[in-house]
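Following: one structure in structure tokens, then a few remarks.
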Amino acid sequence: MKNFLRKNGKSIAVAVAVIACISFLVYVAALGSGYYSSVENQAVSRADDYVYEQAAHVSAQLEAVKTSAEFFAEEVSSKKDKESFHNTLSSIKSFSSEKDLYFADIYYSVKDKIYTARGDEYEASPEMYALLSFEGTGVSKNFSYENTFMAFAVTADAECSFSDKIIIVYDSHAVSLESFVYEGTEENKTLIPSVKDSEFVVLCKYDGRIMERVVVNEKFDPGTDTVQDGILKKFVKKSEDYAKITAMCANDGKGAVSVTIDGSAYVFAVYSLSPENGNIFILALYDLSALYGEGYTLISTIYGAMGILAVAAAFGLISFIVSQIKMNAKIRKLATQDEELDCPTRDGFEYNAESILQRYKATSFAVIILQIQSFDYLSEKFGEAEKLRALKFIRNVCYNSLVTGETYAYIKDGQFLLLLHYRDRKGLIVKLKGIYNQITKYDEFPDKDYKINVSYSIYEVNGGEKQSVRRMVDKAKIVKNESAVKTSEASFNFYGDMLKENYAKRAEIEGRMNIALENNEFHLFYQPKYNLGKKTIDGSEILVRWFDSKIDAYRSPAEFLPLFEENGFINKLDRFVFYRACQNIAECIEKHIIVFPVSVNISRVTAIQPDFLAYYTRIKKKFNIKDNFITLEFTESFAYENYEYLAGIVNELHAAGFMCSLDDFGTGYSSFSVLKELEMDEIKLDKVFLDRSSHPDRDEMLLQSVIGMVKKIGTKITQEGVENKEQFDKLIAYGCDVVQGFYFARPMKYSDYRQFVEENFSKK
């Protein structure tokens with residue numbers, strides 16, 4: 001061996017050195033290749049994100065004009081005669097021309113013919129006539145409007161005898177990329193710095209034609225050619241790259257790929273909108289040639305630029321939503337679909353179920369809450385990722401169990417909603433046991449011995465039942481809340497059975513309610529409200545509590561208030577609360593004690609009484625309460641279901657010196673539709689806006705947008721349910737006017753409230 005080494009040592013050393021060098025070079029090459037692949041992949045992902053944000057921006061603009069069309073169609077559909085129909089169209093045209101820079105004209109169709117707002121037949125373009133084939137709301141192709149400018153049109157169904165559809169024509173700039181990439185005024189606008197420093201071309205395409213372009217790097221001027229035959233063939237020379245891009249565009253027009261143009265690296269990204277949104281394409285071409293030699297400095301620059309762009313995009317989108325979009329449509333969209341589970345939410349369930357029940361009026365159904373037992377334990381034991389995987393499995397089981405005319409949703413806290421056909425209990429239980437058996441087969445937990453168990457809370461719906469789906473769900477929830485659900489196998493709790501079990505409790509409460517009122521067992525509790533701008537108390541909301549002398553304890557409001565709503569006793573209780581509130585105010589004034597405004601809740605039963613207005617006005621005058629000192633609170637659900645009636649009542653209440661508030665705002669999916677009919681002095685946001693979900697960024701965007709929208713119409717906005725400093729500080733930043741909740745003060749007896757005011761605000 002020594003001789004061998006002595007004779008061949010140099011050769012071996014050279015060979016080892018060569019192998020080492022080659023290995024090192026291979027390592028360096030692999031490292032460089034891996035680095036570039038990482039950079040390339042990140043760039044592709046970033047490009048894909050950007051066009052998605054652009055598409056979201058354009059979609060938001062389209063939703064705004066489509067929502068306007070739906071709103072206008074709703075307005076004209078209510079007209080009973082042709083004269084008022086045409087007058088309304090003319091008013092819409094006049095108002096929109098004044099308020100909307102890009103509004104062109106409004107038309108309507110009758111049996112495939114298009115007419116002007118005045119009723120004259122109009123010879124429209126083929127693109128406009130194509131709109132008549134849309135079901136619901138649609139967007140036209142790009143066309144030249146009366147040979148003056150490029151335009152597009154949107155359409156919405158009109159449900160009246162005078163018209164089939166409403167058609168609104170806009171200047172094409174109503175859907176624009178400019179607000180996304182430019183800043184400053186129209187006279188002095190400049191590219192956003194992050195856009196200016198990047199090298200790409202952004203194109204917006206209508207069926208092959210350029211609708212709008214923003215050219216940052218002038219060497220890539222697309223001209224006026226079509227996308228595929230002009231732009232792609234002009235810049236993309238390699239056949240394999242051209243094939244990749246055309247294949248991507250054909251695949252629903254979504255994605256991003258890396259390509260080579262003139263020896264330099266680029267990323268080509270595309271995102272297409274749905275056909276009902278006009279088949280618009282957003283295209284972006286990113287110049288990445290410098291990535292080959294600039295290293296981490298360049299990638300950091302790109303990350304920084306894209307981060308700034310993302311922030312600018314988010315800011316621009318939020319601003320646009322606040323100022324342009326009908327919030328009703330936006331809220332409905334956000335509220336009806338759980339993005340994490342890709343299934344309907346409770347609001348989505350209510351919307352779908354209402355439609356199904358209308359369609360199958362003679363059919364009986366069951367509304368079911370499927371509750372995962374020990375749901376909180378899942379995340380504690382296995383973590384959020386495992387819990388989410390289990391939820392998706394149960395979602396699939398629920399979805400696959402449905403037949404035509406059935407629907408489902410995920411609420412929260414491990415609860416799924418089901419609307420199932422119902423013949424009898426036996427058949428329903430068989431189907432639910434089948435769902436239960438599939439769920440219990442789930443074995444993906446790390447602990448294979450752990451099995452998911454569920455319980456069912458059921459409300460049986462008779463065919464043609466007229467109560468709302470929300471009420472049906474609430475009744476199923478009553479069963480869930482009052483039933484023992486922790487069992488070793490599936491439990492089935494029916495609302496009808498629970499009613500029998502609770503009949504004695506109901507009879508007891510109804511037997512004592514009048515005696516309790518006579519004996520002054522109902523007490524007024526005051527929960528203060530805090531004005532964020534003035535940094536002082538803004539009054540208080542009066543709540544009622546029942547100290548039942550028979551049980552020597554306070555009953556839960558949830559125990560008696562729904563029953564009082566049902567049997568009508570709530571009217572007596574509301575009047576008692578109002579009388580006592582006025583009495584307390586008058587006493588403070590007489591004794592020269594500091595006093596703040598109060599809010600009093602009005603139930604739907606009380607609001608519809610023939611002498612409602614007369615009684616409340618008389619008591620106010622009796623105690624000489626000054627105008628605008630008492631606010632009457634109406635629930636959003638009552639307002640939505642009775643908005644025409646309430647609109648008239650609100651005007652009369654204002655004349656009588658009352659303020660009016662819309663309570664629990666945001667609990668319904670059509671919240672904003674009531675605002676156009678009601679001149680409310682205050683909007684009280686429900687605690688739902690503060691509840692945490694799996695999408696905190698979206699939650700904050702929605703809360704900020706709603707606050708901004710309400711403030712824009714000049715109405716005071718109050719947020720209920722504020723429980724911590726984080727929520728308090730956030731509401732200050734968003735411009736909320738007033739807050740109410742445990743963080744500031746809990747509901748308290750009148751004597752305690754007086755002491756609270758004296759100690760904290762007597763000198764302010």
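Quick note: the coordinates plus some simple rules give every number you see, no bench work behind them. Here the structure is a predicted model, which means the values were calculated and not measured. Cβ coordinates were reconstructed from backbone atoms using ideal geometry, including for glycine residues, and neighbour counts include every protein chain displayed.
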Checklist entry - How many nm is it between the label spots at E652 and S161, if each spot is 7 Å from the Cα in line with the beta carbon? => result 3.1 nm
Checklist entry - Can you work out the base-10 log of I(q)/I(0) for the stretch 334-500 at q = 0.09, 0.12, 0.16 1/Å, using the Debye formula on its C-alpha atoms alone? => result -0.28, -0.51, -0.91
Checklist entry - Hey, can you rank 595-602, 76-83 by average C-beta count inside 10 Å, highest first? => result 595-602, 76-83
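Sort 63-73, 581-591, 349-359 for me by packing, meaning the mean count of neighbouring Cβ atoms within 10 Å per residue, highest on top.
On the way: 63-73: 21.7, 581-591: 15.6, 349-359: 17.5.
The densest-packed peptide leads the list: 63-73, 349-359, 581-591.
What is the order of T260, T407, T148, fewest Cβ neighbours within 10 Å to most?
Numbers: T260 14, T407 21, T148 9.
Lowest count first: T148, T260, T407.
Once the piece of chain linking K361 and E587 is laid out straight, how much longer is it, given 0.36 nm per residue of separation minus the C-alpha distance between them? Please list the in-between numbers first.
On the way: separation 226, 0.36 × 226 = 81.36 nm, distance 5.55 nm.
Between K361 and E587, full extension yields 75.8 nm more.
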Checklist outcome for this item: Distance in nm between L613 and Y377 label points, each 7 Å along Cα→Cβ, equals 5.8 nm
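I'm a student and want to see the number: the projected area of the Cα convex hull of the stretch 522-608, averaged over all directions, in nm². The partial results should precede the final answer.
Details: hull surface 29.7 nm².
Directional mean of the projected Cα hull area for the stretch 522-608 stands at 7.4 nm².
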Next on the checklist: Could you tell me the calculated FRET efficiency between N87 and E726, based on Cβ-Cβ distance and R0 = 35 angstrom, to the nearest 0.05?
Outcome noted: 0.10
Checklist entry - Antiparallel DSSP bridges in the stretch 334-500: what percent, to the nearest 5? => result 85 percent
Next on the checklist: Modelling each spin label as a point 7 Å along the Cα-to-Cβ direction, I'd like the R425/F547 distance in nm, to one decimal.
Outcome noted: 4.2 nm
Item to check | Burial ordering of D443, D347, fewest other beta-carbon atoms within 10 Å first | outcome: D443, D347
Checklist outcome for this item: Plugging the Cβ-Cβ distance of D120 and E644 into 1/(1 + (r/R0)^6) at R0 = 35 Å yields, to the nearest 0.05, a FRET efficiency of 0.60
Checklist entry - How do the peptides 717-723, 525-531 rank, highest first, by the average count of neighbouring beta carbon atoms within 10 Å per residue? => result 717-723, 525-531
Checklist entry - By its C-alpha gyration tensor, with a ≥ b ≥ c as the square roots of the eigenvalues, how is the stretch 78-170 shaped: rounded for a/c under 1.5, else prolate for a/b larger than b/c, else oblate? => result oblate
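Stretched out fully, how many nm does the piece from K535 to S94 gain, at 0.36 nm a residue minus the Cα gap?
Values: separation 441, 0.36 × 441 = 158.76 nm, distance 4.33 nm.
Going from the current span to full extension adds 154.4 nm.
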Checklist entry - Which percentage, to the nearest 5, of the DSSP beta bridges contained in the stretch 504-761 is antiparallel? => result 45 percent
Next on the checklist: Once R0 is set to 30 Å, what does the formula 1/(1 + (r/R0)^6) return for the Cβ-Cβ distance between K466 and H523, expressed as a FRET efficiency to the nearest 0.05?
Outcome noted: 0.25
